[in-house]
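Accompanying notes for the structure given below.
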Amino acid sequence: MSLLLFAEVLLEAVFLSVDPYMRLLSKIHMKEGGVMIGEQVAKVIQSKNPAFPVGSHVVSDSGWRTHTLSDGTGLTPILPEWPKDVSLSLALGAIGMPGLTAVYGIEDVLGLKEGETLLVNAAAGAVGSVVGQIAKIKGCKVVGSAGSDAKVVFLKELGFDEVFNYKTVGSLEEALRKASPEGYDCFFENVGGSSSFIVLQQMKNFGRIAVCGSISTYNDSEPQTGPYSFFTVILKQLKMEGFIYSRWQHKNHETLKRLLAWVKEGKLQCREHVTKGFENMPAAFMGMLQGENTGKAVVAV
């Protein structure tokens, strides 16, 4: 006999996500003993809510739990046209929050145009790998920066025009100039730190910068205090804008359908780094922050 109240559903986690933002926001919003934040794809195993029948799947902000009791608030049903041969884990990656972040950063923040040159760092990650592919769909030149030779190979397979390993290049400035001697129209920023200010010197006049993340600073015990290249921003008349994908959540459904269509058409390839076992969530999270993953890092329960 079900003990659920009216409109309640019982969820069972199938895939859980580990993302860089969790490191930052957990320091700000969490207290010791709380449930770690994060998204998951979950299966409805009991329901008294007609909007979420037993056997259906949803994306939920339930955090690091195997089971969650929900009144249905904040649950996002998996798209009804989701193909059976596409893993539901992609709802945490290219057809989920990272994909939405990539689209809104490119279209709503940068306003990327055909023929322009885009630079994206952490390019082999969950967001960066989608950013580069969407930019290619839009007819742009794409330069990517990644942290291993294997990731460089992966990004070239995705169609990036130029890729370099930032850990092995002698000079980041020279690597950027070699990859695009004419400079960069747009920069999709995922890393932060001092390297980003080297990029500013390579931007074209009136260049645009979308600040999505700052993963290089998330483990800092003290906030970074510079350098600040405001003079470069002024001289080049650059536009720099920070953003969070939820600003455009009213467009999420249609944007997810676009992302799914690109996957089905073969225009958007999705690499995942899958860790098995709920008990391995901490190891998967720490590994992601250390750059062990290529593409989206997920945990399969």
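Once you keep just the Cα pairs under 8 angstrom separated by 6 or more residues, what percentage relative contact order results for the chain?
Details: 582 pairs, mean separation 54.2, N = 301.
Relative contact order here is 18 percent.
Taking +1 at the Cβ of each Lys and Arg and -1 at the Cβ of each Asp and Glu, which of 59, 226, 287 sits farthest along the dipole of the chain towards its positive end, judged by Cα position relative to the Cα centre?
Positive-end residue among those listed: 59.
Report, to the nearest 10°, how far helix 128-137 tilts away from the longest principal axis of the Cα atoms in the chain, using its own Cα long axis and a range of 0 to 90°.
Computed tilt is about 70 degrees.
List, in the order given, every pair from 27/178; 48/267; 31/296 whose Cα-Cα distance in the structure shown is over 30 Å.
Numbers: 27/178 39 Å; 48/267 39 Å; 31/296 27 Å.
Check vs 30 Å cut-off fails for 27/178; 48/267.
Once you have the Cα-Cα distance between residue 250 and residue 198, take 0.36 nm times their residue separation minus that, and quote the gain in nm to one decimal. Walk me through the numbers before you get to the answer.
Numbers: separation 52, 0.36 × 52 = 18.72 nm, distance 3.56 nm.
Difference between extended and current length: 15.2 nm.
What size of dipole, in debye to the nearest 20, comes out for region 97-245 about its Cα centre when the only charges are +1 on Lys and Arg C-beta atoms and -1 on Asp and Glu C-beta atoms?
Approximately 220 debye in magnitude.
Roughly speaking, what % of Cα-Cα pairs in the chain are separated by over 33 Å, rounded to a whole number? Mind dumping the intermediate values first?
Working: 11306 of 45150 pairs.
Here the long-distance tail beyond 33 Å is 25 percent of all Cα pairs in the chain.
Counting Lys and Arg as +1 and Asp and Glu as -1, each charge on the Cβ, what is the dipole of the chain about the Cα centre in debye, to the nearest 20?
Values: 29 positive and 30 negative charges, 69 e Å.
Once rounded to the nearest 20, the dipole reads 340 debye.
Which aspartates and glutamates have a Cα lying under 12 Å from the Cα of residue 264, excluding residues fewer than 8 positions away in the same chain?
Once the sequence-local aspartates and glutamates are set aside, what remains near residue 264 is 81, 85.
Pull out a ≥ b ≥ c, the square roots of the eigenvalues of the alpha-carbon gyration tensor of region 186-285, then state rounded if a/c is under 1.5, prolate if not and a/b is larger than b/c, and oblate in the remaining case.
Working: a/c = 2.37, a/b = 1.35, b/c = 1.76.
Oblate, because a/c is 1.5 or more while a/b does not exceed b/c.
If one takes the longest principal axis of the Cα atoms in the chain, at what angle in degrees, from 0 to 90 and to the nearest 10, does the Cα axis of helix 149-158 lie?
Taking Cα atoms only, the helix is inclined about 80 degrees.
Roughly how many whole Å is it from the C-alpha centroid of region 1-52 to that of region 90-154?
Between the Cα centre of region 1-52 and that of region 90-154, the gap is 28 Å.
What do you reckon, how do 57, 29 stack up by accessible area (1.4 Å probe), largest on top?
Working: 57 50, 29 135 Å².
Listed by decreasing accessible area, they come as 29, 57.
At a Cα cut-off below 19 Å, give the lysines reachable from residue 239, other chains included and same-chain residues fewer than 8 away excluded.
113, 204
Label residue 240 and residue 228 with points 7 Å out from Cα along Cα→Cβ: what is the distance between them in nm?
Placing both labels 7 Å beyond Cα along the Cβ direction yields 1.0 nm.
What residue among 69, 159, 128 has its Cα farthest toward the positive end of the dipole of the chain, where the charges are +1 on Lys, Arg and -1 on Asp, Glu, each on the Cβ?
Result: 159.
Could you compute the longest span of the chain free of GluC sites (Glu not before Pro) located in DSSP loops and having at most 15 other Cβ atoms within 10 Å, not counting the site residues?
On the way: sites that count: 32, 81, 114, 182, 265, 292.
Counting only loop sites that pass the neighbour cut-off, the longest clear stretch is 183-264.
For region 97-245, what class follows from the C-alpha gyration tensor (a ≥ b ≥ c being the square roots of its eigenvalues): rounded when a/c is under 1.5, otherwise prolate if a/b is larger than b/c, else oblate?
Numbers: a/c = 1.20, a/b = 1.12, b/c = 1.07.
Rounded is the answer for region 97-245, as its axis ratio a/c remains below 1.5.
Specify, per residue and in Å³, the volume enclosed by the convex hull of the alpha carbon atoms belonging to region 42-142.
Dividing the Cα hull volume of region 42-142 by its residues yields 132 Å³.
Say a paramagnetic label sat at a point 7 Å from the Cα of residue 217, along Cα to Cβ; which residues of region 164-189 have their backbone N under 19 Å from it?
187-189
The values are calculated or read from the model by the stated rules, or taken from the named source; none is laboratory data. Just so you know, these numbers come straight off a predicted model, no measurement behind them. Glycine also receives a Cβ, built like all others from the backbone with ideal geometry; neighbour counts cover every protein chain displayed. For accessibility, only protein heavy atoms count, side chains too; no ligands or nucleic acids. Shrake-Rupley method; radii C 1.70, N 1.55, O 1.52, S 1.80 Å.
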